[in-house]
Amino acid sequence: MSFDQAFYTIGRLDLLSYQDTVVHRLDARVKVAATLLFVVMVVSYPKYEVLSLMPFFLFPVLMVSLGDLPVLFLVRKVLVVSPFAVCIGILNPLFDPGTVTVLGTTLSAGWISFLSILVKFALTISAALILIATTSFPGVCGALRRFGVPALFVSQLLFLYRYLFVLLEETLRIIRARELRSFGGRGREAKVAVRIIGSLFLRTVERAERIYRAMLSRGFAGDIPVLRRRGMEAADALFLTVAAVSFALFRFLPVGEWTGRFAQELFR
Amino acid sequence: MHMADALLSPAVGASFWAGTIAAIGYASKKLKQNIDDKMVPLMGVLGAFIFAAQLINFTIPGTGSSGHIGGGMILAVLLGPHAAFLVMASVLLVQALFFADGGLLALGCNIWNLGLYPCYIAYPLLYRPLAGDGRDPKRNLAAALVAAVAGLQMGAFSVVLETLLSGKTELPFGAFALLMLTIHLAIGVAEGLVTAGVITYVRSARPELLENAALSGPPRQSVSIRKVLAILALLAVITSGGLSWFASTHPDGLEWAIEKVTGGRGVEGSGQGVAGALRKAQERTAVLPDYQFKQETREGDRGTDGPPPQSAAGAGTSVAGIVGAAIVLLVSLAVGFTVRILRGRGKHAQ
């Protein structure tokens, strides 16, 4: 991922997370819990399972449409990220000795498991992106804090996020300066990177010292209090229940199979 | 390299999450004991720094390809292992959420692979003893190289173990491990060179920073042997557990690899281990026993205790399954589309 792209992605997801929709208004904790449950359910399918994963697409589709998220942007993100799973999975057809007959065509069983990896990949990756685009990073941090994650860890997470944009802008300027001064492969050696990273580090430490002093003078005592505390509401409980029940239904009952039989009966 | 959700089984994902959560708890507790509040903003801002520094590409010497730093080792040297581990965990969390690097279940594995090994193994056991007081640039370079390479090799090997324990891929263990370790050797060398360079640079510009960092970590030269042994024992248990699983499933690694490549069916590998147990659980929970797409179609995978293959009825099931899945998918998309339209109307009405 190029620097500009990364910068744009974070900014766009950050903006999206401050929209005001039904999904955005839900408590962060139920969204985190539902997303984790979703991921575990999807991943728990055995490796030759493709078709019975299809009902799970309902969750990202509903979250995207109810949460008013840009479909193309998310699809593009899912397509470009982390080719690792694809690279490893594409070897399955080579190494899998079994064969499968699908609608009269015989092919290596590895294609089925590869397809299964791709579907799981799309589902889990989109779930993570949707979570952040509907919950906001401070929201997720608040949820983590209330799930019992140590305060120190959560506080520095919030700091990280706050200064991410500042540092990214600084790095963007540095990288632009390097690009302007380098022709061909010049200027991209490790030696240059060392100096860039070194001076960026020093600037960062100095910035952290200034921030700390500014915070001390405003009464900082090691913890960042969360101002907006709210309890679980009926809507939150309902969301989590519906999500959990439907995931369990999709996972343990052959929903797709029944639909198919029903359709066959209908058109007979 | 980031582990991905799609390659993980829930059991493996959950165990690494458990290990990672324990490590985060441990690091937070340790940090609370011997730091001041100053560390909190410093860690946060340095997390943002690592995030930005990872986006700075450079040419990996000798390979011509471009890469970026991981940053675990730089942080461990400059902040001490506990703070470094927490910062790495936060950086990976942000990446998992915003770049969807790997996903949420795999995050436990990724923090373990890219945070725990450099901060808690490579730094205290390799960098510290090798670098001495760190003033000699040559010793510093050697120590950073060895530690960065070792940390990345452990991480890469861990990715191999996680992938194979999950049983979603067909890759033979030996070939996969060899591939991953070789790739990460080059990356490790680059990481080591940049780490050493940055440390030397920081030392020449602001030497007091390194002294402060050393103070906020555990005191120098007194890495508790007992703790190191405990961590190593834990790792040994995990590694040997994984290896023994392979040993029991595939008595001869090479033979197994050859059989896999040549398509031999001598080994009934996929019926055992975590993947097998999960599949059995799934078979038990299946409401319609004939809904077994893979069992009826895939010959090589049929276990001895599996149901007999289906004939005509089986083909019907398969078609119904495909049609049904397609319908479900289309209905989902239609629901989404309808919601969009309805919402659009609602907005115009206001």
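Any read-out appearing in this document is the output of simple, stated calculations on the displayed coordinates, not a laboratory observation. Quick caveat: nothing in here was measured; it's all calculated off a predicted structure. Glycine gets a Cβ as well: all are built from the backbone with ideal geometry, and neighbour counts include every protein chain shown.
Shown in residue order for the stretch B:173-188 are the 3J(HN,Hα) couplings computed by the Karplus curve 6.51 cos²θ - 1.76 cosθ + 1.60 at θ = phi - 60°: 3, x, 4, 5, 4, 4, 4, 5, 5, 5, 4, 6, 5, 4, 5, x Hz (x for Gly and Pro). Note on the stretch B:196-211 and the stretch B:103-169: Cα centroid distance 22 Å, given to the nearest whole angstrom. When the pairs A:LYS77/B:LYS168; B:LYS32/B:LYS168; A:LYS31/B:LYS168; A:LYS31/B:LYS38; A:LYS31/A:LYS77 are compared against a 31 Å limit on Cα-Cα distance, B:LYS32/B:LYS168; A:LYS31/B:LYS38 fall above it. Taking amide H as placed 1.01 Å from N in the peptide plane, the amide H of A:THR99 sits under 5 Å from that of A:ALA109, B:GLU299, B:GLY300, each at least 5 places away or on another chain. Legend: mean number of C-beta atoms from other chains within 10 angstrom of residue C-beta atoms, peptide A:30-42, equals 2. In order along the stretch B:93-103, the Karplus-derived 3J(HN,Hα) couplings, from 6.51 cos²θ - 1.76 cosθ + 1.60 at θ = phi - 60°, round to 5, 4, 5, 4, 7, 8, 9, 6, 6, x, x Hz, and Gly and Pro are given as x. In this rough spin-label picture, where each label sits 7 Å from Cα along the Cβ direction, the A:ARG146-A:GLU233 distance is 1.2 nm. For the stretch A:1-65 versus the stretch A:193-209, the inter-centroid distance based on Cα atoms is 34 Å. Each residue of the stretch B:142-155 was assigned a 3J(HN,Hα) from its phi angle through the Karplus curve 6.51 cos²θ - 1.76 cosθ + 1.60 (θ = phi - 60°); the sequence is 4, 5, 5, 4, 4, 5, 5, 4, 4, x, 5, 5, 4, x Hz, with glycine and proline shown as x.
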